[in-house]
Amino acid sequence: MIDRNEYLTPSEFAERRNVSKQTIYQQMKKGLKPYVIKDNGKLYISVKALSNPDNLENQSTFNQSSINNKSTFNQVDLPLIIPESEILRSQIAEKDKQIALLLEQLKTANNQNVELGVMLKREQEINRNNQLLIGEQTQIIKTYTEKKKPLLKRLFGRKEKENEAESETI
């Protein structure tokens, strides 16, 4: 068990420092860390941390000035905020340029896809027409080769076929 005269709860510590409990919990991870102990699942802060001016001095001054006087907050912290906002604005502008470039590339790619689709349809139509022409040429060649047979072969060729059919039936 800890000595209650040497350690304070975070709420008690916040009251003595005149800051919020949230500020104390945030500082327990940073400047107050060496003064924090855990006992039976509860956190305690050493009273020695109260005498150390580095722990929360800047934080409590900031909280008091921001609560008491908004113009002080604006005058004190505005120079710190402006450079950061300028950096963020320039980063946003750069990102906007990148987005515009990517949108242009996407538009170009979409146009290319449309053109390729049209070309593919044309190519398929040409292939269909070629297949039809090949079929027609095959018919023409077949008809032409049948007409090319000599007259005697055409006349006797039929009889030979008839004779073969009769011999198979016998």
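Brief remarks on what is shown
- The single condition from (1) in a helix (DSSP H, G or I); (2) modelled with pLDDT of 85 or more; (3) not aliphatic (A, V, I, L, M) that LYS38 fails is (1).
- Matching residues, the range 12-32, being surrounded by 11 or more Cβ atoms within 10 Å (Cβ to Cβ), within 44 Å of the chain's Cα centre (by Cα) and assigned to a helix (DSSP H, G or I): ALA14, LYS21, THR23, ILE24, TYR25, GLN26, GLN27, MET28
- Test set (1) assigned to a helix (DSSP H, G or I); (2) modelled with pLDDT under 75; (3) surrounded by fewer than 10 Cβ atoms within 10 Å (Cβ to Cβ) - GLU84 fails condition number: (2)
The values are calculated or read from the model by the stated rules, or taken from the named source; none is laboratory data. These numbers were taken from a predicted model, which means no experiment stands behind them. Here Cβ is always computed from backbone atoms with ideal geometry, including for glycine, and neighbour counts include all displayed protein chains.
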